[in-house]
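These notes are about the structure you will find just below.
The values are calculated or read from the model by the stated rules, or taken from the named source; none is laboratory data. Note that the structure is a prediction, hence the values are computed from the model and not measured. Note that we place each Cβ from the backbone using ideal geometry, even for glycine, and neighbour counts take in every protein chain shown. Accessible surface is based on the protein model in full, side chains and every heavy atom, while ligands, DNA and RNA are left aside. Shrake-Rupley method; radii C 1.70, N 1.55, O 1.52, S 1.80 Å.
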Amino acid sequence: MPGTGVPWRAGGNSAPLLTGSLASVECGLEGVLDGGDHAIVLGRVTGLAVHRDGPPLRYFRRSYGSLPGPPGLPSSSMSSSMAAARSRSEA
């Protein structure tokens, strides 16, 4: 994002998409609900993309790491899952 030194490009709705990410999800604001001491933001998915295969990132107890994929599931299955989600969001 500008001024942060993090490489990015503008997505279809001008939101920043981080370079090197496994996938991206773009949303438009659909609504905001009162969640008591916080707001619950609802978004309508406008774009999905798989940029490359790899294990997902996790954040736990103040550190980052990766998670293994499900046993017996080839990494390309993640791409097909994203494609299925994309087709459902476009319907």
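Mind counting the residues in the stretch 56-79 that are in contact with a Pro (Cβ under 8 Å, 6 or more places away or on another chain) and modelled with pLDDT under 65?
Filtering the stretch 56-79 down to residues in contact with a Pro (Cβ under 8 Å, 6 or more places away or on another chain) leaves 66-69.
Those still in the list that are modelled with pLDDT under 65 too: 69.
Number of matching residues: 1.
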- Task: Go through (1) in contact with a Leu (Cβ under 8 Å, 6 or more places away or on another chain); (2) at pLDDT 85 or above; (3) open to solvent by 70 Å² or more (accessible area, probe 1.4 Å) one by one and return the number of the condition S24 breaks.
- Result: (3)
- Query: Out of L67, L48, L57, which single residue is surrounded by 10 or more Cβ atoms within 10 Å (Cβ to Cβ) and under 23 Å from G12 (Cα atoms)?
  - Reply: L48
